[in-house]
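What follows is a single structure, written as structure tokens, with notes after it.
The values are calculated or read from the model by the stated rules, or taken from the named source; none is laboratory data. Because the structure is predicted, anything quoted here is derived from the model rather than measured. Here the Cβ positions follow ideal geometry from the backbone for every residue, glycine too, while neighbour counts run over all protein chains shown.
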């Protein structure tokens, strides 16, 4: 195993690093040739959201666990992502994380996914000895028991390497398969360790049995508000610490439930309205939203601004298959568009 750090600049502040995965996907659709080596994975799309709002003083970092078969053109494309640093850890005796994504029709709706190689999963230890450990924020994608183990580990490594730095901003996106009622106590415990907990509406409903059969296709914000409120109420025992709940709901946008606020949740609509014809493939939209959310939070320091940046990032992610090539200033321009519509 070897580590290559590209583009590190001590004068630039690393905004955020995702401890999700970078996956090379094979995408199959009916009556079309398969698409090979499409860069995907939660870390890839979180990094997309961060890149949209990068500034000279706030640049995303990126951690890539690369197998021996990482194509040169893919490595070169990653180097164009404006991450500082891009940290690639090479595993010469293992293949890249690869997956097979199969769509049942040409609407990019029903789909199945399976790993075709053993996945290389990032853990806090991979950050040791790299500038990524100094990032202002970290994104986690995993089961609650992983969060319970990994966050104290990350904070210990960080304290040893950078004792002068403040506590990082920690965001947790749950692994969908772990969202089951029997895991609710573990979710409650893990939530005490993070600043933001962000499931989508289906994942949160799966945690709360009373909502599981009523939320599959929410038609109103009131159903989402009821869902988020129910989850926060389930965590009120013993005055547990509660993170901000960011509930992602596709075409209905996203809501932020702030436990210390007595007001209603903050709502921001999706960047693309239903029927706009702009949505091609929603894969990775939730991950991109969270990258945008973190960027917005670090730049503006408020929940509404963070939600709006998240909405913009998700809107960019859904307009094509895979990762788009970004234009300079695109995030700021789209953010102004969204805010103009919201004000109207």
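Looking at the stretch 152-178, which of the residues that are part of a helix (DSSP H, G or I) and either modelled with pLDDT under 95 or more than 19 Å from residue 130 (Cβ to Cβ) (or both) is farthest from the chain's Cα centre (by Cα)?
So in the stretch 152-178, the residues part of a helix (DSSP H, G or I) come out as 152-161, 176-178.
Among the residues that remain, those that are also either modelled with pLDDT under 95 or more than 19 Å from residue 130 (Cβ to Cβ) (or both) are: 152, 176-178.
Numbers: 152: 20, 176: 13, 177: 16, 178: 16 Å.
Looking at the filtered set, the residue picked out is 152.
Select from the stretch 179-188 the residues that are surrounded by fewer than 20 Cβ atoms within 10 Å (Cβ to Cβ) and in contact (Cβ under 8 Å) with a residue 24 or more places away in the chain and list them in ascending order.
180, 181, 183, 184, 186, 188
For the stretch 266-277, state whether one or more residues are surrounded by fewer than 22 Cβ atoms within 10 Å (Cβ to Cβ), over 19 Å from residue 194 (Cα atoms) and in contact (Cβ under 8 Å) with a residue 60 or more places away in the chain. Lay out the reasoning, then the answer.
Taking the stretch 266-277 and keeping what is surrounded by fewer than 22 Cβ atoms within 10 Å (Cβ to Cβ), we get 266-267, 269, 272-277.
Narrowing further to those that are over 19 Å from residue 194 (Cα atoms): 266-267, 269, 272-277.
Right, trim to in contact (Cβ under 8 Å) with a residue 60 or more places away in the chain and you get 269.
There is at least one residue in the stretch 266-277 that is surrounded by fewer than 22 Cβ atoms within 10 Å (Cβ to Cβ), over 19 Å from residue 194 (Cα atoms) and in contact (Cβ under 8 Å) with a residue 60 or more places away in the chain.
Regarding the stretch 237-249, can at least one residue be identified that is part of a helix (DSSP H, G or I) and at positive phi?
Looking through the stretch 237-249, at least one residue is part of a helix (DSSP H, G or I) and at positive phi.
Limited to the stretch 11-30, what total is found for residues that are surrounded by fewer than 15 Cβ atoms within 10 Å (Cβ to Cβ) and touching a residue at least 60 places away in the same chain (Cβ under 8 Å)?
1
Which members of the stretch 52-64 meet the condition of being under 13 Å from residue 17 (Cβ atoms) and buried (at least 23 other Cβ atoms within 10 Å of the Cβ)?
60, 61, 62, 63, 64
Have a look at 116, 107 and point out the one that is modelled with pLDDT of 95 or more and over 16 Å from residue 43 (Cβ atoms). Spell out the reasoning first.
On the way: 107 fails: modelled with pLDDT of 95 or more.
Exactly one of 116, 107 is modelled with pLDDT of 95 or more and over 16 Å from residue 43 (Cβ atoms), namely 116.
Assess whether residue 157 counts as being without any contact (Cβ under 8 Å) to a residue 60 or more places away in the chain and more than 26 Å from residue 187 (Cβ to Cβ).
When the stated conditions are applied, residue 157 does not pass them.
With the checklist (1) assigned to a strand (DSSP E or B); (2) out of contact with any helix residue (DSSP H, G or I) (no Cβ under 7 Å at 6 or more places or on another chain); (3) under 22 Å from residue 124 (Cβ atoms) in hand, flag the one item residue 36 doesn't pass.
If we test residue 36 against (1) assigned to a strand (DSSP E or B); (2) out of contact with any helix residue (DSSP H, G or I) (no Cβ under 7 Å at 6 or more places or on another chain); (3) under 22 Å from residue 124 (Cβ atoms), just (3) comes out false.
Which members of the stretch 260-279 meet the condition of being within 20 Å of residue 337 (Cα to Cα) and in a loop (DSSP other than H, G, I, E, B)?
Of everything in the stretch 260-279, those that are within 20 Å of residue 337 (Cα to Cα) and in a loop (DSSP other than H, G, I, E, B) turn out to be 269, 270, 271, 272, 273, 274, 275, 276, 277, 278, 279.
Would you confirm, using the coordinates I've provided, whether residue 38 is within 29 Å of residue 110 (Cα to Cα) and touching a residue at least 40 places away in the same chain (Cβ under 8 Å)? Even if it seems obvious, please write down each step before you answer.
On the way: within 29 Å of residue 110 (Cα to Cα): yes; touching a residue at least 40 places away in the same chain (Cβ under 8 Å): yes.
Answer is yes for this residue.
Which residues, taken from the stretch 78-99, are surrounded by fewer than 17 Cβ atoms within 10 Å (Cβ to Cβ) and under 15 Å from residue 25 (Cα atoms)?
Passing the criteria: only 95.
Mind checking whether some residue in the stretch 2-12 is within 15 Å of the chain's Cα centre (by Cα), over 15 Å from residue 101 (Cα atoms) and in a loop (DSSP other than H, G, I, E, B)?
The answer is no, given that none of the residues of the stretch 2-12 is within 15 Å of the chain's Cα centre (by Cα), over 15 Å from residue 101 (Cα atoms) and in a loop (DSSP other than H, G, I, E, B).
Please go through the stretch 315-334 and pick out each residue that is touching a residue at least 60 places away in the same chain (Cβ under 8 Å), in a helix (DSSP H, G or I) and crowded, with 17+ Cβ neighbours inside 10 Å.
Within the stretch 315-334, 316, 317, 331, 334 meet the criteria.
Hey, could you check the stretch 100-146 for residues that are part of a helix (DSSP H, G or I) and in contact with a helix residue (DSSP H, G or I) (Cβ under 7 Å, 6 or more places away or on another chain) and say which is surrounded by the fewest Cβ atoms within 10 Å (Cβ to Cβ)? Write out each step before concluding.
Let us first name the residues in the stretch 100-146 that are part of a helix (DSSP H, G or I), namely 124-127, 131-134, 144-146.
Filter again for in contact with a helix residue (DSSP H, G or I) (Cβ under 7 Å, 6 or more places away or on another chain), leaving 124, 127, 133, 144-145.
Numbers: 124: 20, 127: 24, 133: 22, 144: 23, 145: 14.
Checked the stretch 100-146; the qualifying residue surrounded by the fewest Cβ atoms within 10 Å (Cβ to Cβ) is 145.
Can you tell me which residues in the stretch 147-167 are out of contact with any helix residue (DSSP H, G or I) (no Cβ under 7 Å at 6 or more places or on another chain) and over 21 Å from residue 204 (Cβ atoms)?
149, 152, 155, 156, 159, 160, 163, 164, 166, 167
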